[in-house]
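First comes the structure, then the notes that go with it.
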Amino acid sequence: MSTSPKFSRRTALMGAAALPLAAATATTARAAAPMLGVAQSNFRRVKVGKFEVTTLLAGTRAVENPHGIFGLNVDDETFNTVSADAGLSTDAAQFFFTPTLVNNGSELVLFDTGLSGAGTVAAIEAAGYTADQVDKVVITHMHGDHIGGLSTDGTPTFANAAYMTGATEFDAWAKADNENFEGKVRPLAEQMTMLDDGGAAASGITAMAAFGHTPGHMTYMVEDGGTQLVIGADFANHYVWSLAHPDWEVRFDMDKPAAAATRKRLLDMMAADKTAFIGYHMPWPGIGYVEKNGEGGYRYVAHSYQLML
């Protein structure tokens, strides 16, 4: 005849007391989870009507001494105060490089190509496409971080694509002695269609002159089903130092007064119409809205889900 084990309250309490020790021992035996560093997805897709618009993170890096780039016409105290009020470091700024894909249902159109083909192609592939599927490459302007990915060692990155750019922009750089232009753009010149203000890059995509940052800098309006989005390229390069203070001079603006006038014109339009825009150097994923903020200033409002529904 078997006898059932007897449990007392004391036995139960002793067993419970042993559990934390066992758990601690098990925890100690496991390796700590590794530190993985800062990271983010390298694509974000939204809708404009029936169009699909995908921003591509082709690269990002920290740049020291942002006052050497933004606010060249204001003193250190002003720059530092504005930065502190916005919670921004004055030691360095994080730059993002954001080409954009627009799929209008009949063509896959890429706007700008990043510093190199590798970063842009990696983001394109992560987004579910291949470089060979790109039907058109549109160059907003010809700074190196926008044309660098056109080719690698003379081999075009987008083998099946046609090319488009602003006529004024192409003519200005064609007259300059610029290594990037000669190596990346000149070999594709015979395959390029030149656009003027109001020209059609593709169905639902219209060129808009935004001169100043470069001689023929272009932005593009994407529109379908009553929804609009501006591919803004470099008309504004920082969400605070360019939007809150559009008169602040930027080192990379080739014609600073013209660039400031363009900034204000486009910001006014987008604030009034509540139009989203993609900024090539805006905080990733690069999509936001504009609100007026005080006399002559604007506020950047990051996109949440407005273009997902």
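Do we find that Gly232 is part of a loop (DSSP other than H, G, I, E, B) and small (Gly, Ala, Ser) in this structure? Step through it out loud before you land on a result.
Numbers: part of a loop (DSSP other than H, G, I, E, B): no; small (Gly, Ala, Ser): yes.
No, not satisfied.
What strands (runs of 3 or more DSSP E) completely inside the stretch 33-98 contain at least 1 residues that are hydroxyl-bearing (Ser, Thr, Tyr)?
Details: elements: 43-48, 51-56, 59-64, 92-97.
Those strands (runs of 3 or more DSSP E) span 51-56, 59-64.
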Inset, instruction - Considering only the stretch 292-309, state which residues are within 18 Å of Ala86 (Cβ to Cβ) and out of contact with any helix residue (DSSP H, G or I) (no Cβ under 6 Å at 6 or more places or on another chain). - result: Asn293, Gly294, Glu295, Gly296, Gly297, Arg299, Tyr300, Val301, Ala302
Legend entry - Count - residues of the stretch 167-208 that are under 30 Å from Gly225 (Cα atoms), outside any loop (DSSP other than H, G, I, E, B) and either in contact with a helix residue (DSSP H, G or I) (Cβ under 9 Å, 6 or more places away or on another chain) or among the charged types (D, E, K, R) (or both): 4
Inset, instruction - Give Ala162, Ala174, Ala131 a once-over and let me know the one that is farther than 22 Å from Leu108 by Cβ and modelled with pLDDT of 95 or more. - result: Ala174
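Among the residues of the stretch 129-156, count how many are part of a loop (DSSP other than H, G, I, E, B) and either closer than 25 Å to Ala210 by Cα or within 20 Å of the chain's Cα centre (by Cα) (or both).
Residues of the stretch 129-156 that are part of a loop (DSSP other than H, G, I, E, B), as a first pass: 129-130, 134-135, 140-143, 153-154.
Cutting the leftovers down to either closer than 25 Å to Ala210 by Cα or within 20 Å of the chain's Cα centre (by Cα) (or both) gives us 129-130, 134-135, 140-143.
Total satisfying the criteria: 8.
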Legend entry - Cβ-Cβ under 8 Å pairs, at least 6 apart or on other chains, the stretch 176-187 side closer than 14 Å to His141 by Cα, far side among the polar types (S, T, N, Q) and not in a helix (DSSP H, G or I): Lys184/Ser151; Val185/Thr165
Inset, instruction - Go through (1) surrounded by fewer than 24 Cβ atoms within 10 Å (Cβ to Cβ); (2) within 25 Å of Gln40 (Cβ to Cβ); (3) touching a residue at least 40 places away in the same chain (Cβ under 8 Å) and name the single condition Ala258 misses. - result: (2)
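If you scan the stretch 147-162, which residues turn out to be within 16 Å of Val102 (Cβ to Cβ) and crowded, with 19+ Cβ neighbours inside 10 Å? Steps first, answer last, please.
Looking only at the stretch 147-162, we keep the residues that are within 16 Å of Val102 (Cβ to Cβ), and these are 158, 161-162.
Of everything in the stretch 147-162, those that are within 16 Å of Val102 (Cβ to Cβ) and crowded, with 19+ Cβ neighbours inside 10 Å turn out to be Phe158, Ala161.
Using the structure shown, decide if Gly37 is of a type in the set (Gly, Ala, Ser) and either under 30 Å from Met221 (Cα atoms) or loosely packed, with under 10 Cβ neighbours inside 10 Å (or both).
Considered against the rule, which asks whether it is of a type in the set (Gly, Ala, Ser) and either under 30 Å from Met221 (Cα atoms) or loosely packed, with under 10 Cβ neighbours inside 10 Å (or both), Gly37 comes out as yes.
The values are calculated or read from the model by the stated rules, or taken from the named source; none is laboratory data. Just so we're clear, the structure is a prediction, and the values are computed from it rather than from any experiment. Positions of Cβ are generated from backbone atoms using ideal geometry, with glycine treated the same way; all protein chains shown enter the neighbour counts.
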